[in-house]
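Throughout, read-outs are computed from the coordinates displayed, never taken from laboratory work. None of the values given here were measured: they were computed from a predicted structure. Cβ placement follows ideal geometry from the backbone for every residue including glycine, while neighbour counts extend to all protein chains displayed.
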Amino acid sequence: MADQLYLSLWFPNFRFTALPDKLASVLQQFVRVGGDARVAATSAIPLAWSEPPVFQRIFVNDTRSEESDDALPGNAIAEMTEQLHEDTAYEVESRWQLWQPEAAVEGLDATWHLQPATVRCVGFGPDFDETTYEQNGHIRIDFGLDTPWVQDESELDDDGRRFLQQNVEKLLAFTLSVEKHCGVSSRLLWTESGEPLADKLLSRLQRLQ
């Protein structure tokens, strides 16, 4: 069964005023491993997830918007966090390309295509949702469902194994780049069900090679 996949990050001696810079640093690593150079949306959610955003902007990233720098991560984050409140969560939505299979026709193998997948990077204020950052991290990255990384190996042909390996390598490259360049004190790759996915992904990558 598909599971929600997250990466939680904690920073040493973290000060809330540093949140915009930390968010920008994490997004920089996302772009480094192939994420979109421009963000898709930003939101500021007060108090708890059940509340409507007090700030939201959706960006149209096409050839008409290339002359504008508004959607560049640093600029979008600066606008979103212009008023920084400790009871607010700040969310940046971006996308990257992952290999995903189309349903196989009877008698034929599934065909794989690069498809955009949404990633949400959230920075938590210390008073948001009863100090949720203590469990979720100062920053949490939501990758969506774990399906692109945990396809059933028994149903994969050689091409499918190669594409799955590329997805796993991209996820691990992002995680390691954040650890190397963002000054985190700890990180945790986890799923909503609590399954230890990091070990599973490393094992999967070793078997695919």
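Applying the Karplus parametrisation 6.51 cos²θ - 1.76 cosθ + 1.60 with θ = phi - 60° to the phi angles of the range 169-180, what ³J(HN,Hα) value in whole Hz is obtained for each residue in order, glycine and proline being reported as x?
With the stated coefficients, the range 169-180 comes to 4, 5, 4, 5, 4, 5, 4, 5, 5, 4, 4, 6 Hz.
From the backbone phi of the range 38-44, what are the Karplus-calculated ³J(HN,Hα) couplings (6.51 cos²θ - 1.76 cosθ + 1.60, θ = phi - 60°) in whole Hz, Gly and Pro given as x?
So the Karplus estimates, Gly and Pro as x, are 10, 7, 9, 6, 9, 8, 10 Hz.
Residues with amide H under 5 Å of Thr88's amide H, sequence separation 5 or more or different chain, H placed in the peptide plane at 1.01 Å from N; which?
The answer is Leu47, Gly125, Asp127, Phe128.
So how much slack lies between Arg32 and Asp69, counting 0.36 nm per residue of separation and subtracting their Cα-Cα distance, in nm? Walk me through the numbers on the way to the answer.
Numbers: separation 37, 0.36 × 37 = 13.32 nm, distance 1.79 nm.
So the extension gain works out to 11.5 nm.
If we count every other residue with Cβ under 13 angstrom of Gln135's Cβ, Lys/Arg +1 and Asp/Glu -1, where does the sum land?
Charge balance in the 13 Å sphere: -3.
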